[in-house]
1. Using just the helices of the chain, give the 222 nm mean residue ellipticity in deg cm²/dmol: DSSP H runs with n ≥ 4 each add -39,500 (n - 2.57), and the total is spread over all residues, rounded to 500.
2. Over all directions, what mean area does the Cα convex hull of the chain project, stated in square nanometres?
3. With 10 Å bins from zero, work out the P(r) of segment 46-137 over every alpha carbon pair and list the percent per bin.
4. Roughly what would the spin-label model give for residue 276 and residue 159, points 7 Å off Cα along C-beta, in nm?
5. Please identify, among 149, 296, 253, the residue showing maximal mean-square fluctuation in a Gaussian network model of the chain using a 10 angstrom Cα cutoff.
6. How far is helix 173-192 tilted off the main Cα axis of the chain, in degrees rounded to 10, range 0 to 90?
7. Between helix 201-212 and the chain, what is the angle of the helix's C-alpha long axis to the longest principal axis, kept within 0 to 90° and rounded to the nearest 10?
8. Full-extension gain between residue 283 and residue 242, please, as 0.36 nm times their residue separation minus the C-alpha to C-alpha distance.
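Derivation of every value follows stated rules applied to the coordinates shown; laboratory data play no part. Given the structure is predicted, the values throughout are model-derived calculations rather than measurements. Note that we place each Cβ from the backbone using ideal geometry, even for glycine, and neighbour counts take in every protein chain shown.
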Ligand code: SF4
Ligand code: SF4
């Protein structure tokens, strides 16, 4: 949707409840032409801000709550409800619709009240992006675009023509894509595992905390043994201490490492040595126990022979 001054968009990428028949079966590239315009004069203005599923990315949460001057817990409890991400067991949030009309809490008859900070999902519509990651592997990606033409959306009856690339630039999706990239990769990775091995409750809690509440995650990094456990260079430490974007990107790296064993985080040598020491001790204890059991068994046999 657009505000009263500008062209707007609404998501497809995260809106998994779209009718598949609305998806045009043509693969588009950045150079493909599209005829579409959204402005306050269209008869359907703000129709797409009702009865819609808008899953929020960590970057969306960060920018929206700042725009509204709210803390993450305030924003999450007031404006969102829980949602699992892309049919995985990864917990996330979606916008909580309000009122009889199931409206987004930020819509008014004049348009979107948070327009310049609207979520990623709202920027994509009606140009969906498919981004396949084969098993979450780097380099094994295929990206293309497609149109979502829903009967209520009259923007396709407007005369404005542009390419997919021009549309996306107008909507400011490139920055969003960059900010969401590693988070999306985590979700796709998880999806590729299907639900054979479920995430532990602790892992789910950590994922939710790191991706929805950066203040909490910052406390976790700076007020726990985190920095004594992981090697984090001093420049990064200073950047993530005050800069939320940097902290968010760092959290994705941390999650990729803890959830999927991805590279990018190194456990401090002394911690590794401590762990090795504990494992060695455990091995020695085990060996000693086996030896003792063997001696006991031998003694019992000797006794049996004598009697
Ligand atoms: S944030 Fe809400 S009001 Fe704004 S464009 Fe998205 S759905 Fe519409
Ligand atoms: S339904 Fe389509 S044309 Fe109407 S406000 Fe939403 S995006 Fe714009």
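1. When only DSSP H runs of four or more count, the value is -14500 deg cm²/dmol.
2. Directional mean of the projected Cα hull area for the chain stands at 23.4 nm².
3. All Cα pairs considered, the percentages come to 15, 47, 30, 8, 0.
4. Calculated label separation equals 7.5 nm.
5. Maximum among the listed residues: 296.
6. In the chain, helix 173-192 runs at an angle near 40 degrees to the longest axis.
7. It works out to around 40 degrees.
8. Extending this stretch completely gives an extra 10.4 nm.
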